[in-house]
Amino acid sequence: MKKSDPQPPRWTTSFLRWYCRPRLLEDLEGDLYEYFERNVRQKGIARARLIYFLDVIKFMRPYTIRKIEPLTFLTHFMMIGSYFKTSRRNLVRNKLFSFINIVGLAVSMSVGLLVIAIVNDLRSYDDFHEKKDRIYRINTHHQADGREPMNLASTSARIAQRLAGDVPGIEDFTIIRNGFSEDAKIGQNTFPLEATWADGSFFKVVTFPLIAGDPATALKEPYSLVLTEKTALKFFGTTHAVGQTVRLDTLDYQVTGVARDVPHLSHIHFDALVSFATAEALFGKKGDVFNNWDNVWSNYVYIAVPKGGSTTGIQRALDQICREENKALVHQKVTMSLQPFKDIALGRKLSNNMGPRTEPTTLWILGGLAFVIILSACFNYTNLSVARSLRRSREVGVRKIIGARGSHVLGQFMAESVIIAFLALLFSFGLYLLVRREFLALDPHISEIFRLDLSFRSVLYFIALALFTGLAAGFLPAVFFSKINALAVMKDASGIKIFRHIGLRRVLIVTQYALSLIFIATTVVGYGQYKGFLNFDLGFNTGNILNIKLRGVDAEVLKKELAEIPGVKQISHSSMVTSVGSIYGFDVKYFPRKDAQPADSGLVWVNTVDEHYLPIHQHKLLAGNNFTLRPEKGSESELIVNQQVLKRFNIGNQDPHKALGQIIEVNGQKLTIIGVLKDFHYGTMENKIEPAMLRYSRSEPWGYLNLQLATNDLENTMAKIESAWKRFDRVHPLKATFYDDQIQEAYSQFSVMVKAIGFLAFLAICIASLGLFGMVVFTTETKLKEISIRKVLGASEPGLIYLLCRGFITLLGIAALIALPATYLLFDKLLLTRFAYHQPIGLPELLGGALVVMLLALIMIGSQTAKAARSNPAKVLKSE
C-alpha cells in the first residue's frame with residue numbers, strides 16, 4: 001500500500017503486533033491488509049476500518065497469542081520497580097513541584113470524593129428491598145381545563161380496586177396513603193404520631209422486616225397498627241408491644257406488629273403504619289370523595305411483577321382503565337404510567353413526591369463541577385512538568401541513549417503521576433471528612449437525604465478516582481517526554497505547540513483561570529440574585545411578623561392569651577403563609593350580574609384571613625374596604641381580590657372602583673368583591689404575580705396566628721409566647737417562625753447552591769494560584785541569566801518586573817475576556833430563565849470577583865518577579 005492510500009487504524013495494527021506470535025505476524029498482517037483493501041473498494045473506508053478492527057480481535061486466539069518469556073516478564077517487573085524508585089527520588093528532590101501537585105490534587109480530589117459519596121448514596125436508595133428490580137410505582141398525569149398536565153407521584157385509590165380484577169401480569173400490589181396525624185394516648189401519656197396508611201399486601205411488595213407479628217395479617221383488619229422499634233420504645237418502653245392498645249382520637253387501635261426501623265436510604269419513611277382498611281372504614285362512611293377517580297392527591301400504588309415479567313401489558317391495561325374512567329370526568333383527564341422503583345429517589349421532578357428526590361441533572365452538574373476542579377489540578381501538573389522540561393529532558397535523553405524505549409519513558413512518567421495521585425488521596429481523605437461535615441451542615445434537607453457513610457464500594461471508587469486522576473494528570477507530560485529526541489535534549493520543551501503560535505502552557509493557564517473566574521463570578525452574581533429574592537417587594541410587609549402554626553389549638557383562646565404579652569402589638573389569623581412556596585386555590589366563576597350565567601371561570605389562589613390581616617401585613621387597598629363583618633360559620637359573603645383577578649376576568653374593565661360589588665363564586669358560594677388590593681406576590685420568584693384573593697371564612701379551622709411584634713427584649717417575649725403555648729398544648733412543641741426567616745427558607749436551595757459554588761470557587765482559585773505560583777517560580781529561575789545580563793547592561797528593576805509579568809498579565813486578561821461573558825450568558829440564558837422575577841446582572845458584580853482574583857495573581861507574580869529582578873548579577877554570572 002502507498003502512504004497516500006487509505007490505511008487501517010494504526011492503533012489496531014499496533015495491538016495486533018503486540019499480542020501476535022512473531023512467526024505468524026507477517027502472514028496474518030498481510031492477509032488482513034488484503035481484506036482491508038478489498039473492503040475499502042467494496043464497502044467504503046469507514047466500514048473497512050471497522051471490519052479490520054473486528055478481524056484483529058477475532059484472530060486473538062490461543063494459538064496466535066505470543067508466549068510470555070520469563071526473562072521478559074522479569075525485566076518488565078524490574079522496570080516497574082525502577083519506575084517507582086526513580087519517581088520517589090524525583091519527588092523528594094523537587095519538593096516545591098511535589099508540594100504544589102500533591103496539595104492541588106488533594107484539594108480537588110476531596111471534592112471528587114464528596115461527589116462519589118453523594119452519587120453512591122443516591123444509587124443506594126431502596127437497595128434493601130428484595131424485589132427492588134421488579135417493583136414499579138404508578139404515577140399520574142392530571143390535566144384540567146386544557147392546562148399543562150400536572151405530573152404526580154400520587155394516584156387515585158380507585159386504581160387499586162381496578163388492579164385486583166382487570167390487570168393480568170401483576171404478582172402483587174400495595175396502596176399507601178400519607179396524612180395520618182393524631183395524638184396517641186397510652187395510659188396517662190400522650191405522644192404526637194405521624195403515620196402512613198398501608199394495606200394488607202404492603203409487606204409482600206416492599207421489604208420492611210417485622211421483629212414481631214405476622215406480615216401477612218398485620219395490616220389486614222381495620223384499626224390495626226404496626227409500630228417501628230423506635231416508636232414502640234417511645235410508647236411502651238419495649239419492643240414487645242404486639243397486642244397493646246393505642247387510643248387515637250376516640251378510637252382504640254391494636255398493635256399487630258413491630259417493624260425494624262426504616263433505613264435512612266429509603267424514599268418510604270414511617271414511624272407507624274395504620275391499616276388501609278381503617279381509612280376505607282372512616283372515609284367511606286362519610287360519603288367522602290375518597291375513592292373518586294380524580295382524587296389523585298394522597299395515595300401511592302406500587303406493583304410487583306413476576307421474575308422475567310414485562311410491564312408492556314400492564315401499561316396497556318392502565319391506558320384502557322384510564323379511558324374508561326375518564327368518561328365520567330368533565331374538563332379533566334387522568335392518565336397513568338409506571339416508574340421503576342429504583343428510579344424514584346434519582347428521577348424526574350413530580351408533584352406530591354414521597355421522600356427525598358434528586359434530579360439526574362443535579363448529579364451531572366455536581367460531577368461536571370468536580371471534574372472541572374480535578375482538571376484544574378491536572379493542568380497544574382501538566383504545566384509544571386512541561387515547565388521543568390529543560391531539566392527532565394536531559395534525564396530522558398540519557399535514558400534513551402542507554403537503550404530505553406519511548407514506552408519505558410512513558411511508563412516512568414505515568415508511574416510518577418500515579419504515585420503523586422495516591423499520595424494526594426491520603427491527604428484528600430482527611431479533607432473529605434472535613435468537607436463532608438460542612439456539606440451535611442449546609443442545610444437541614446441535605447442531612448435528611450444523605451448519610452455519606454463509608455462503604456466498601458465507595459472506597460473502591462475513591463481508589464479508582466485516584467488512579468484516573470494520576471493517569472489523566474500524567475498523560476500529556478508522559479507523551480511529551482516519551483517523544484523527545486535524544487540528540488536534541490537541550491531544546492526548550494516549552495516550545496511545544498498545540499496550535500500555531502500558541503504554547504501548551506499558555507492555553508492551560510488561560511483555561512484554568514477562565515474556569516476559576518467563572519466560578520467566582522457565578523458566586524458573586526448568584527449571591528446578588530439570592531439577596532434580591534429576599535429583598536423583593538412582595539406587595540406587603542413581612543418585617544417583625546411571627547407566624548405560629550396552630551396544630552389544632554383553639555385559635556381564639558390562644559389569641560387572647562398572647563394578646564396580654566407585652567411586645568405583641570397585634571394578632572391576625574390566616575389559613576396559610578403566602579410567598580414561601582405553599583399554594584391553595586379554587587376554580588372560581590365570575591358573574592356579571594347576580595341573576596346571570598357565569599361569564600368566565602378560572603383558577604385563583606386563595607388565603608383565608610381575618611379583619612386584622614391587612615393592617616398587620618400593610619397590604620395597599622386601591623379601592624373598597626377591609627373586612628368589617630365577622631361572619632358566622634357558613635355565612636361568608638365578602639371577598640378581597642388583587643388586580644390580577646380583574647385582568648383575568650376583565651371585571652369592571654379592570655377598574656378597581658367599578659369592580660366593587662361584583663360577584664364571584666368560590667367553591668359553590670357567591671361572594672361580593674368589597675376591596676381590590678395592589679398586586680401582591682402569592683408564590684415564589686419562579687412564578688409571575690397571579691390572580692389571588694383573600695376571603696374571611698370560619699367554616700374551616702385557622703392554620704396560623706400572625707403576631708406583629710414590637711419589643712426590645714425579643715428573647716423574653718419569645719419565652720412568654722412559648723410559656724403561653726405550653727398552657728394549651730404540652731404534646732406539640734411551639735412552631736413559631738418569623739416571616740422573613742420563612743422566606744429565606746423558601747430559597748434555601750438557592751442559598752446552598754451559592755455556598756457550594758462559592759466553596760468550589762475558593763478551591764479553584766487556590767489550585768490555580770498554586771499552579772501560577774509554580775509557573776512563575778520556574779519561569780523566573782530559567783530567566784535568571786537573562787535578567788542578570790539585562791541588569792549589567794543597565795535595565796531598571798521596574799522594567800525587568802514588567803518584562804517578566806507582561807506575559808502572565810496578558811494571559812489573565814484573556815482568561816477574564818473569556819470568563820465574564822460566559823458567566824453572563826450562563827445566568828441570562830440558562831439559570832435565571834426559570835425565575836419570573838430576578839435582578840439584572842450588573843457589570844460591578846461580574847468585575848468584582850474577577851478584580852480580586854486578578855489582584856491576588858498580580859501580587860503573587862509581582863513578589864516572585866521582584867525577587868528575581870533584585871538578584872545579584874555577579875553571583876548568577878560568575879560561572880559564565
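The values are calculated or read from the model by the stated rules, or taken from the named source; none is laboratory data. Just so it is clear, the structure is predicted and the values come from calculations on it, not from any experiment. A quick note on method: Cβ atoms are made from the backbone with ideal geometry, for glycine too, and the neighbour counts reach across all protein chains shown.
Taking region 52-67 as the range and being assigned to a loop (DSSP other than H, G, I, E, B) and touching a helix residue (DSSP H, G or I) at 6+ places or on another chain (Cβ under 7 Å) as the test, the residues that pass are 59, 60, 64, 66.
Contact map, region 737-755: first residue farther than 15 Å from residue 525 by Cβ, second residue hydroxyl-bearing (Ser, Thr, Tyr) and not in a helix (DSSP H, G or I), Cβ cut-off under 6 Å, separation 6 or more or different chains; pairs are 739/542; 740/542; 746/684. In the set 675, 602, only one residue is in contact (Cβ under 8 Å) with a residue 12 or more places away in the chain and either in contact with a Gly (Cβ under 6 Å, 6 or more places away or on another chain) or assigned to a loop (DSSP other than H, G, I, E, B) (or both); that residue is 675. Within region 811-833, the residues that satisfy the criterion of being under 13 Å from residue 514 (Cα atoms) and either without any contact (Cβ under 8 Å) to a residue 60 or more places away in the chain or hydrophobic (A, V, I, L, M, F, W, C) (or both) are 811, 812, 813, 814, 815, 816, 817, 818, 819, 820, 821, 822. Surrounded by 15 or more Cβ atoms within 10 Å (Cβ to Cβ) and under 23 Å from residue 529 (Cα atoms) - does that describe any residue in region 852-868? Among the residues of region 852-868, at least one is surrounded by 15 or more Cβ atoms within 10 Å (Cβ to Cβ) and under 23 Å from residue 529 (Cα atoms), which makes the answer yes. I'd like to check something: does region 757-765 contain any residue that is touching a residue at least 40 places away in the same chain (Cβ under 8 Å), out of contact with any helix residue (DSSP H, G or I) (no Cβ under 6 Å at 6 or more places or on another chain) and more than 23 Å from residue 445 (Cα to Cα)? The answer is no, given that none of the residues of region 757-765 is touching a residue at least 40 places away in the same chain (Cβ under 8 Å), out of contact with any helix residue (DSSP H, G or I) (no Cβ under 6 Å at 6 or more places or on another chain) and more than 23 Å from residue 445 (Cα to Cα).
Which one is nearest to residue 120 (Cα to Cα) among residues in region 464-500 that are of a type in the set (A, V, I, L, M, F, W, C), surrounded by 20 or more Cβ atoms within 10 Å (Cβ to Cβ) and modelled with pLDDT of 80 or more? The residue in question is 465. Whether a residue is loosely packed, with under 13 Cβ neighbours inside 10 Å, assigned to a helix (DSSP H, G or I) and out of contact with any strand residue (DSSP E or B) (no Cβ under 8 Å at 6 or more places or on another chain) was assessed, and residue 803 does not pass this test.
Residue count for region 710-742, restricted to those that are more than 13 Å from residue 550 (Cβ to Cβ), charged (D, E, K, R) and more than 31 Å from the chain's Cα centre (by Cα): 7. The set of residues from region 821-864 being of a type in the set (Asp, Glu) and in contact with a helix residue (DSSP H, G or I) (Cβ under 9 Å, 6 or more places away or on another chain) comprises just one member, 845. Please indicate, with yes or no, whether at least one residue in region 552-566 is of a type outside the set (Asp, Glu), under 30 Å from residue 758 (Cα atoms) and out of contact with any Asp or Glu (no Cβ under 9 Å at 6 or more places or on another chain). There is no residue in region 552-566 that is of a type outside the set (Asp, Glu), under 30 Å from residue 758 (Cα atoms) and out of contact with any Asp or Glu (no Cβ under 9 Å at 6 or more places or on another chain).
For region 784-815, a residue qualifies if it is within 39 Å of the chain's Cα centre (by Cα) and polar (S, T, N, Q), and exactly one does: 810. For region 699-710, the tally of residues that are over 27 Å from residue 648 (Cβ atoms) and part of a loop (DSSP other than H, G, I, E, B) stands at 3.
Has region 419-427 got any residue that is over 12 Å from residue 106 (Cα atoms) and crowded, with 16+ Cβ neighbours inside 10 Å? Yes, region 419-427 has at least one match. The set of residues in region 194-224 that are touching a Leu at 6+ places or on another chain (Cβ under 7 Å) and under 22 Å from residue 290 (Cβ atoms) comprises 195, 196, 198, 199, 200, 202, 219, 223.
Checking 274, 226, 242, 255 one by one, the residue that is touching a Phe, Trp or Tyr at 6+ places or on another chain (Cβ under 6 Å), surrounded by 18 or more Cβ atoms within 10 Å (Cβ to Cβ) and of a type in the set (A, V, I, L, M) is 274 and no other.
Pairs are defined by a Cβ separation below 7 Å, a sequence spacing of at least 6 or placement on different chains, a first member in region 289-312 that is farther than 25 Å from residue 355 by Cβ and of a type in the set (D, E, K, R), and a second member that is outside any loop (DSSP other than H, G, I, E, B) and modelled with pLDDT of 90 or more; the pairs so defined are 307/134. For region 246-290, the candidate set comprises residues that are modelled with pLDDT under 95, more than 36 Å from the chain's Cα centre (by Cα) and among the polar types (S, T, N, Q); within that set, the residue that is farthest from residue 123 (Cα to Cα) is 250. When the residues of region 82-115 are filtered to those that are over 19 Å from residue 409 (Cβ atoms) and of a type in the set (Val, Ile, Thr), the one that is modelled with the lowest pLDDT is 92.
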